[in-house]
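See structure below.
Nothing in this text is a laboratory measurement; each read-out follows from the coordinates by a stated rule. These numbers were taken from a predicted model, which means no experiment stands behind them. With ideal geometry, Cβ positions are generated from the backbone for all residues, glycine too; neighbour counts draw on all protein chains shown.
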C-alpha cells in the first residue's frame, strides 16, 4: 500500500480536493483507492505524531492506527488530506514560511515508516497568501504577524527543500494554486493515482465557482460536441471560456495589507514567479504546470 499525503497548503484548496474524492469513493474503490473521512485521522495522526516525538511507530502501533483510519481490509492507495500537515495556521509564518515543514511531514510519515509515502502540495503567491493568513488571525496586528520576516525573502522553494531534505526519496508533486482551474483534472488524477480515462464526478465544480452559469453550460455543451483530443487542447478550451465568462470577483483577488502598494504586490508576484521556476526544476519534484 502507498499512503498519499495532500499537504495543503493553507488557502489553496479549502477542502475542494477531498470533497471531490469523497464524492467518488465508489469509483476509487474499484481501483483499490480509499479516502477516509477527515475526522477519522486528523486529530489521531496529530496526537500520535506528538507522542512519537519523531520516532518510528512500532508495527503494533501502525496496525492500531490503520485499523482506526481504514474501514477496508486492504487497499493499494490511501489518501489523507489536511491543510495543517505542514503547520497549524498560527505558525505558518515565523520568520519564514512553514519553518517546521520538514520535521512535521517527517513526523507524520514516521507513523507508518514501513509504508511507501507520497506527498502533494499546492503553493500560492505570497502577495495573496499573506493577506489570507492574516485574515485568519484576527488577534494579531500586522507587525506582530510579520515579525522578523522579510516579505521579499519568503520562498516556497525553501519549504519544498526542507520537506525533501528530511524525507529523501519520497515523491513530491507541486502545483500553483493560481493554475488550478486549468489543471484541476490532472491534480485530481495525480493525487488519486488514476489513469486519464477515468471520469470523476464533480470535475467541473471548480469551474462552476469561477464562471457564470451560462458560461459553464456553454462550456459543457462545447466539450460534449467537440471532445478535446489532448490535455493541452482541454486547457485551451477552458482558458478561452474563462476569458469570456469568468466572474471578475472570483478571478481577481483584491489585496489589502497595511503599508502595501501596487508596487509591493507586483514585486512579490515577480519574486514568486522566479521561485516557481526554481521549484519546477528542483530534483525530486514533479511539477504540474498548465
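So the values come out like this:
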| item | result |
| --- | --- |
| nm² value of the averaged projected area, convex hull over the Cα atoms of the stretch 16-166 | 10.1 nm² |
| Square roots of five times the Cα gyration tensor eigenvalues for the stretch 132-290, Å | 32, 23, 14 |
| Which of 69, 123 has the fewest Cβ neighbours within 10 Å, and the rest in rising order | 69, 123 |
| Helix-only CD estimate at 222 nm, as mean residue ellipticity for the chain, using -39500 (n - 2.57) per DSSP H run (n ≥ 4) | -14000 deg cm²/dmol |
| Contact order normalised by residue count of the chain, Cα under 8 Å, 6+ apart, percent | 25 percent |
| Paramagnetic label zone (point 7 Å from Cα along Cα-to-C-beta, residue 199; backbone N under 18 Å) in the stretch 221-248 | 221-231, 234-235, 238 |
| The stretch 99-225: C-alpha gyration tensor shape, a/c 1.5 cut-off, then a/b vs b/c | oblate |
| 16 Å cut-off, amide nitrogen to a point 7 angstrom out along residue 263 Cα→Cβ, residues in the stretch 138-156 | 152 |
| Choice from 184, 260, 82 with maximal GNM fluctuation in the chain (Cα, 10 Å cutoff) | 260 |
| Label point at residue 1 placed 7 Å out along Cα→Cβ; residues across the stretch 65-82 whose backbone nitrogen lies under 15 Å | 65-81 |
| Equivalent ellipsoid semi-axes - Cα gyration tensor, the chain, angstrom | 30, 28, 16 |
| Additional length obtainable on full extension of the chain from residue 63 to residue 229, 0.36 nm per residue less Cα span | 55.3 nm |
| Calculated FRET efficiency for the pair residue 153/residue 218, C-beta based, R₀ 45 Å, to 0.05 | 0.50 |
